[in-house]
Amino acid sequence: MGKNNFACFFTERKRILIFWIGFLIFHFSLHAQVLKRVKVVVKTPHTVKDIEPVNCPNVIPYVYTRPVSLKGLPVHEKKQKFFDMLLPSVLVAKTNLDYTRQVVEQLALKKTMTPKDTLFLMPLMKKYRAKNTAQLINRLRTVPTSIVLAQAAIESGWGSSRFFKEGNNVFGMWSFDSTENRIPALSHRNGTKIYLQKFNNLEESIDAYFTMLNTRTSFASFRAILQKTDNPFLLIDSLKIYSERGKDYIDDLARMIRVNHLQKYDSCHIDPAYIIR
């Protein structure tokens, strides 16, 4: 093989390699997920009796594939069952996201990235709209559990909303992508049909909620405060944009946290027996 032919062959091989690396990064970016560190216990409940009571601080990671109706329960019991149903999934999502962040922090310290490191990082950077690893690390943050539970109760109407019951959509998150699994709303917005996302289980819904807060420009101020404090009452004021009700929504969040003593859940964590080492 002549020198010119060899150079052409080498150049072509390089182009093919670059193409496949780009293709793999694009492909995996479509399915980018946080690392799974929790060995979950999947449950498909049929009645409220199938919802296991939570016992803090060590919570067994029950992930429910569907919610159950809490209709007819006394108010106090209804609230507790709602938190029992949601808390394990909240902690699973938080634990997995925290672990992913730790791995990214370790990779950021390396002088040279391997191709494997790149294939891991690039999809995450695309998913979290990060320009570099420092920004990615800041966007792999979780939210105090008290805020998550308070918003879940308000947005789902204590588990009574159609989107919660039919699609595991805890926070009423909209869908703008026709390729997503989603549910049509019964109303329109400015003449446009509205769709809400549909999830396989409650943990998926919570992970999507974290991704939304960590990526959308409208929550930039929330992320900035989150880097400085985990005090829920200092954080919630920057969530005005979450609802058209603005200040009234923030007042409801604060009241929800106080009245239901939700800060007690901020110290809960997944039972170490279910953490994959």
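Annotation: Pro123 fulfils all but one of (1) under 27 Å from Asp230 (Cβ atoms); (2) touching a residue at least 60 places away in the same chain (Cβ under 8 Å); (3) open to solvent by less than 30 Å² (accessible area, probe 1.4 Å); (4) not small (Gly, Ala, Ser); the unmet one is (1). Return a yes/no flag: does the range 127-149 have any residue that is out of contact with any helix residue (DSSP H, G or I) (no Cβ under 7 Å at 6 or more places or on another chain), surrounded by 18 or more Cβ atoms within 10 Å (Cβ to Cβ) and assigned to a helix (DSSP H, G or I). Checked the range 127-149: no residue is out of contact with any helix residue (DSSP H, G or I) (no Cβ under 7 Å at 6 or more places or on another chain), surrounded by 18 or more Cβ atoms within 10 Å (Cβ to Cβ) and assigned to a helix (DSSP H, G or I).
Here is a yes/no grid of residues against (1) in contact with a strand residue (DSSP E or B) (Cβ under 6 Å, 6 or more places away or on another chain); (2) under 26 Å from Arg129 (Cα atoms); (3) buried (at least 16 other Cβ atoms within 10 Å of the Cβ):
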| position | (1), (2), (3) |
| --- | --- |
| Asn200 | no, yes, no |
| Asn214 | no, yes, yes |
| Ser221 | no, yes, no |
| Leu239 | no, yes, yes |
| Asp252 | no, no, yes |
| Tyr265 | no, no, yes |
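Looking across the range 241-250, just one residue is over 21 Å from Lys79 (Cα atoms) and open to solvent by less than 20 Å² (accessible area, probe 1.4 Å), and that is Gly246. Output the residue which, of all residues in the range 45-68 that are touching a Phe, Trp or Tyr at 6+ places or on another chain (Cβ under 9 Å) and under 19 Å from Ser161 (Cα atoms), is surrounded by the fewest Cβ atoms within 10 Å (Cβ to Cβ). Among those that are touching a Phe, Trp or Tyr at 6+ places or on another chain (Cβ under 9 Å) and under 19 Å from Ser161 (Cα atoms), it is Pro45. When the residues of the range 35-44 are filtered to those that are outside any loop (DSSP other than H, G, I, E, B) and open to solvent by less than 70 Å² (accessible area, probe 1.4 Å), which remaining residue is nearest to Pro123 (Cα to Cα)? Among those that are outside any loop (DSSP other than H, G, I, E, B) and open to solvent by less than 70 Å² (accessible area, probe 1.4 Å), it is Val38. Of all residues in the range 224-277, those satisfying the criterion of being small (Gly, Ala, Ser) and not in a loop (DSSP other than H, G, I, E, B) are Ala224, Ser238, Ala254, Ser267, Ala273.
The number of residues in the range 163-199 that are over 30 Å from Ser267 (Cα atoms), of a type in the set (D, E, K, R) and either touching a residue at least 24 places away in the same chain (Cβ under 8 Å) or assigned to a loop (DSSP other than H, G, I, E, B) (or both) comes to 3. Pairing each residue of the range 70-99 that is farther than 11 Å from Thr142 by Cα and in a loop (DSSP other than H, G, I, E, B) with any residue that is among the hydroxyl-bearing types (Ser, Thr, Tyr) and modelled with pLDDT under 95, provided the two are 6+ apart or on different chains, yields C-beta distances under 8 Å for Leu70/Ser160; Lys71/Ser160.
The values are calculated or read from the model by the stated rules, or taken from the named source; none is laboratory data. Please read these numbers as outputs of a predicted model, since none were measured by experiment. Ideal geometry is used to build each Cβ from the backbone, glycine not excepted, and the neighbour counts take in all protein chains shown. We work out accessible area using only protein heavy atoms, side chains counted, and drop any ligands, DNA or RNA first. Shrake-Rupley method; radii C 1.70, N 1.55, O 1.52, S 1.80 Å.
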